[in-house]
Amino acid sequence: MHERERHRIILSAVQEKSVVTVQDISELTEASEATIRRDIAALHVQGKIRRVRGGAEAVHPPQLGNLAGRPFRVSESVNIDKKRAIARQAVELCDPGDAIIINGGTTTFQMVHFMAAHRLQVMTNSFAIAEHLVKHSKNTVTVPGGAIYREQSLILSPFDNDAIRNFYARRFFIGAQGVGPLGIMEADALIIQSEQKLMHQADELVVMADSSKFHRRSSLILCPLERVSTIITDDGIPEEAVRMIENAGIRLIVASPVTQAIKEDSSSVA
């Protein structure tokens with residue numbers, strides 16, 4: 001990743017989260033911690049952030065009340081090729097006329113690029129997904145009521161009497177903060193509350209997680225592995241994670257970013 005892109009991610013992260021650690025940014029950018037420290041030092045000299053022990057903080061901290069986890073703008077371009085390949089495989093699971101639920105996230109958002117020619121019934125709590133599908137597809141789009149969390153582009157409500165309970169879906173597509181033996185992990189309790197409400201409205205749960213998610217952990221569990229029907233990931237998945245998924249009886253789909261790029265290039269030539 002180029003220096004300019006790393007700097008953009010660091011600035012976005014501190015604007016949304018106030019304080020970020022060197023380790024957090026290193027994971028986001030896949031750059032070494034030494035490189036991130038140099039980036040933080042350079043941005044500190046420019047007056048764009050403040051360097052603190054172990055990380056950086058915003059010059060003007062954001063308002064309180066943000067959700068835990070990485071903001072949408074920060075994560076959107078991370079592992080983008082892998083996310084696109086995973087999203088394509090996810091859309092290929094859908095048949096014409098299917099009713100599906102798509103949870104907000106940067107991996108699930110990539111599904112919109114392959115849904116333009118579809119006519120699906122879509123429920124989503126993602127403001128970004130809903131907006132794109134309304135503008136660029138013929139899919140029917142339903143959103144639940146609630147407040148819009150700008151940083152994650154999510155529509156969340158603590159109440160039960162919203163549109164969710166009136167929507168039934170064949171599949172529910174979600175991303176994840178992490179995937180491990182204890183189950184699917186998330187970073188925020190409010191997000192988990194929303195996802196669990198959506199899970200009750202679908203027959204199958206499809207988890208879309210790039211291979212880096214099998215190395216991450218969180219203190220909050222969304223659901224056990226047994227609740228998952230399918231996991232879609234990329235070809236960087238570690239062997240121990242493959243065994244874990246197979247032992248749990250979950251269908252595993254491995255998407256290849258290289259194959260995905262070839263398909264897209266071929267279609268553009270045609």
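The values are calculated or read from the model by the stated rules, or taken from the named source; none is laboratory data. These numbers come from a predicted model, not from an experiment. Note that we place each Cβ from the backbone using ideal geometry, even for glycine, and neighbour counts take in every protein chain shown. For accessibility, only protein heavy atoms count, side chains too; no ligands or nucleic acids. Shrake-Rupley method; radii C 1.70, N 1.55, O 1.52, S 1.80 Å.
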All-but-one check, THR233 against (1) at pLDDT below 95; (2) crowded, with 18+ Cβ neighbours inside 10 Å; (3) under 28 Å from THR29 (Cα atoms), failing number (1)
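I'd like the full set of residues that are of a type outside the set (Val, Ile, Thr) and free of Cβ contacts under 8 Å to residues at least 24 places away in the same chain, limited to segment 43-60. Before the answer, list the steps.
First, the residues of segment 43-60 that are of a type outside the set (Val, Ile, Thr): 43-44, 46-48, 50-51, 53-58, 60.
HIS44, GLN46, GLY47, ARG50, ARG51, ARG53, HIS60 - these are the residues of segment 43-60 that are of a type outside the set (Val, Ile, Thr) and free of Cβ contacts under 8 Å to residues at least 24 places away in the same chain.
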Pairing a residue in segment 207-225 that is more than 20 Å from ALA90 (Cα to Cα) and among the charged types (D, E, K, R) with any residue that is open to solvent by 20 Å² or more (accessible area, probe 1.4 Å) and not in a strand (DSSP E or B), where Cβ atoms lie under 8 Å and the two sit 6 or more apart in sequence or on different chains, gives ARG216/GLU27; ARG216/GLN177
Counting only residues that are at pLDDT below 95 and either surrounded by fewer than 20 Cβ atoms within 10 Å (Cβ to Cβ) or of a type in the set (A, V, I, L, M, F, W, C) (or both), segment 189-208 contains a total of 11
Which listed residue is in the same structural domain as PHE173 (by the TED database) and more than 27 Å from TYR168 (Cβ to Cβ), from ASP210, ASP203: ASP210
Subset of segment 99-147 [outside any loop (DSSP other than H, G, I, E, B) and of a type in the set (Ser, Thr, Tyr)]: THR106, THR107, THR108, THR124, SER126, THR140, THR142
